[in-house]
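Participant: Here it is, the structure in full.
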Amino acid sequence: MSDHDSPSDLHFQQETTGELLKRASRIRRNHWGDFVTYSRKVFVPLTNMCRDTCGYCTFVKHPDDPSAQLMSPEQVLALAKTGEGKGCKELLFSLGEKPELRYEKAKAALRTYGYETLVDYLSDMCRLVLDETELLPHVNAGSLTEDELTKLRPVSASMGMMLETVSRRLTRKGMPHYACPDKTPIQRLRTLDRAGRLKVPFTTGLLIGIGETWEERMESLYAIRKSHMEHGHIQEVIIQNFQRKPGIAMENHPEPSLDDMLRTLAAARIILPPDVSVQAPPNLSDRHIEYLSAGINDWGGVSPVTIDFINPQHEWPEIRQLAENSERAGYRLQERLTVYPSYLQRSSEYMAPEIAARALAHSRSDGLATDQEIELC
């Protein structure tokens, strides 16, 4: 496949699932070898208030909800230290997007700690983590301006934002991204490119099964490919399967089938450049061996401390069980940092000096994490 291929050139519709998996697995094995990675991390839900109201989300709470919260610095640091004590090397900040622009209560909560914007507060919480622990912060702050990315870059090792889809159709009334200003495709794509220009090691991905067509899904993968080909900054792409949850607008919406997930994983591995990691959440399916056969090379974050706040009903698998499943598929499980080895090798280009020094101190000569949690044969 050339750099000029487009969704109209390659839909994979004529290929069987088995044929797609063979192609994807061959690409994966040639570039990533015989190991599969994960990051041992602590998740910190800085706030669950958000100005968007996506139809599939249980994480977000309206400010009037008793469970709506903005974590205090003391709470952030306590959770960070607990994660550090359990051997985590990454701290992932998850948060809603710009709630202060929509809700007075969110604005008032920020002012309690002396801040006007959530991004300013997030930046200082990253600094707190850097000053008080040896963890590497990763921030998932959604759509960001260039100024916001510039503010966060010196205090984070990497950043992320799920593209989810480039379908504008899904922003119409009655669709999952209706009245969600941060989920318009143009805003997400601009954030991807801004991060690329600033040389931020970046995570993005697709949320599949929320009403998009196969063609829209392929267009989303090609949009990610285009951004990476221009800037070279996308470390990993997550293919996440929609999950029904009680109480959401889409609680009766069908979930994607295993075959649908496998075909999308394989298509991602074929479309994306080989150096971009393809990841699938290990807690949203127990079909780990099948996922590995579809070309993934990474399991993403697994926490010994905190739940998956986005999918709270799905527990993280035990790391040893994940290792055993990976071995059965012919792969050795290895722990990585939030910064992938290829970006660590160019740390002066992709990270602030303080962050680079910490990441290098946590890494082996091959760029993976020191002090691996489990010994593998």
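Just so it is clear, none of the values below were taken in a lab; they were calculated from the coordinates. Since the model is a prediction, treat every value here as computed from it, not as a measurement. So basically every Cβ, Gly included, is an ideal-geometry build from the backbone, and we count neighbours across all protein chains shown.
Participant: Given charges of +1 on the Cβ of Lys and Arg and -1 on the Cβ of Asp and Glu, with all other atoms neutral, how large is the dipole of the range 237-295 about its Cα centre, in debye to the nearest 20?
Facilitator: 60 debye
Participant: Another one. Measuring from label point to label point, each 7 Å out along Cα→Cβ, what is the residue 108 to residue 64 span in nm?
Facilitator: 1.3 nm
Participant: Further question on the same structure: Suppose R0 equals 30 Å; then what is the FRET efficiency for residue 259 and residue 320 from their Cβ-Cβ distance, rounded to the nearest 0.05?
Facilitator: So the FRET efficiency works out to roughly 0.55.
Participant: A follow-up question, please. Report the full-extension gain for the segment residue 26 to residue 13: residue separation times 0.36 nm, less the Cα-Cα distance, to one decimal in nm.
Facilitator: 2.7 nm
Participant: A follow-up question, please. If you average the sequence gap of Cα pairs under 8 Å that are 6 or more apart and divide by the length of the chain, what percent do you get for the contact order?
Facilitator: Relative contact order, the chain: 23 percent.
Participant: If you filter the range 177-279 for trypsin sites (Lys or Arg not before Pro), then keep DSSP loop positions with at most 15 other Cβ within 10 Å, what is left?
Facilitator: Loop-located and lightly packed - 244.
Participant: Between the range 252-280 and the range 327-367, how far is it from one alpha carbon centroid to the other, in angstrom?
Facilitator: Here the answer is 24 Å between Cα centres.
Participant: For the range 25-168, with only Lys/Arg (+1) and Asp/Glu (-1) charged at the beta-carbon, what is the dipole magnitude about the Cα centre, in debye rounded to 20?
Facilitator: Charge dipole of the range 25-168: 600 debye, to the nearest 20.
Participant: Taking 0.36 nm per residue of separation and subtracting the Cα-Cα distance, what length does fully extending residue 327 through residue 35 add?
Facilitator: 104.2 nm
Participant: Express in nm, to one decimal, how much length is gained between residue 117 and residue 348 on full extension, taking 0.36 nm for each residue of separation and deducting their alpha carbon distance.
Facilitator: Roughly 80.2 nm would be gained on extension.
Participant: Considering all alpha-carbon pairs of the chain, what whole percent are spaced by more than 29 angstrom?
Facilitator: 38 percent
Participant: Check the range 1-126 and count each lysine pair with an alpha-carbon distance under 23 angstrom, considering only pairs eight or more places apart or from different chains.
Facilitator: Lysine pair count for the range 1-126: 8.
Participant: Using the reciprocal of the averaged 1/r over all distinct C-alpha pairs, how large is the Kirkwood radius of the range 17-138 in Å?
Facilitator: Evaluated on the range 17-138, it is 16.6 Å.
Participant: For the range 46-116, treating each Cα as an identical point scatterer without solvent, what Debye log10 I(q)/I(0) comes out at q = 0.12, 0.16 1/Å?
Facilitator: Listed by q, the Debye log ratios stand at -0.37, -0.62.
Participant: Kindly state, to the nearest 0.05, the FRET efficiency for residue 178 paired with residue 251, given R0 = 25 Å and r defined as their beta-carbon distance.
Facilitator: 0.90
Participant: Here's a follow-up. Once you keep just the Cα pairs under 8 angstrom separated by 6 or more residues, what percentage relative contact order results for the range 54-157?
Facilitator: Once divided by the residue count of the range 54-157, the mean separation gives 30 percent.
Participant: Less than 20 Å apart at the alpha-carbon level, and either on another chain or at least 8 residues along: which lysines does that give for residue 226?
Facilitator: 183, 199
Participant: Under a crude label model (7 Å from the Cα following the beta-carbon direction), how far is residue 53 from residue 214 in nanometres?
Facilitator: 3.5 nm
Participant: Who wins for biggest fluctuation among 174, 300, 87 in a Gaussian network model of the chain, springs between alpha carbons below 10 Å?
Facilitator: Sorting by GNM fluctuation, first place goes to 174.
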